[in-house]
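Let me begin by presenting the structure, written as structure tokens, before commenting on it.
Bear in mind these aren't lab numbers, they're just calculated from the coordinates by the rules spelled out. Here the structure is a predicted model, which means the values were calculated and not measured. Note that we place each Cβ from the backbone using ideal geometry, even for glycine, and neighbour counts take in every protein chain shown.
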Amino acid sequence: MRTKFWMLILLVIAGFLSLYSFGSQTVPVSAATPAPTASATMSGMGGGMPMDSGYSTNDLAPLAKAYYEGKDVFFIHPEASNPDVAEALTKMMGPQVLTVPSLAKVPKDLLGNVYVFANGVAGMGPLGFQPDVFDSVPGDENYTPLRTISLVTWKDTTAAKELKSVADIKAAQDAGQIEIIQPSVVVNMPILVWPEGNR
């Protein structure tokens, strides 16, 4: 009985020795785990987490264009404090923009500004005129995604031109060309692409 036991052990050891060779040769490894490919992982995710939600960005929150200091930025607006604004943004972009009334209770010193044009140059803005203008982007000390709407109206639409920065807007206001009112509407507008970076 003991002899059979030791013979079995020797056969097992011999089997292992036939799989591996020693010295300068490498140890063969069968069925190694393949490295993940870029197409199978989420871009930018440190863990390489696979992701297939079945949704595209345009299905969930399509990017809207705006300006910051004369350059293009791209953002989303998933929530607004006012139901009429939420409905208008939903019609403009497609996916439902949620009404979150508590956004209107955020203290003003914690809000950024977004300048929305009520008339003037026709364009892709929420009211059918030029794109919005932001006062900050990620990386700025005062950046916040929560913004109070500053509604810009040209006094003489024949003199209207596209304004692409807060400085342009202030100059037009100082010249008496535009009026700005704040209707106490807050929109969540995180910027995803800006002149010096993206998420």
Karplus-derived HN-Hα couplings along the range 65-75 (A = 6.51, B = -1.76, C = 1.60, θ = phi - 60°), whole Hz, x at Gly and Pro: 9, 8, 10, 8, 6, x, 10, 6, 10, 10, 8
Work through the residues other than residue 126 whose Cβ is under 10 Å from its Cβ and net out their charges, Lys, Arg +1 and Asp, Glu -1. 0
For residue 91, go through the aspartates and glutamates and keep the ones whose alpha-carbon is under 15 Å away, minus same-chain ones fewer than eight residues off. 59, 79
Sorted from fewest to most neighbouring beta carbons within 10 Å, what does the list 93, 189, 124 look like? 124, 93, 189
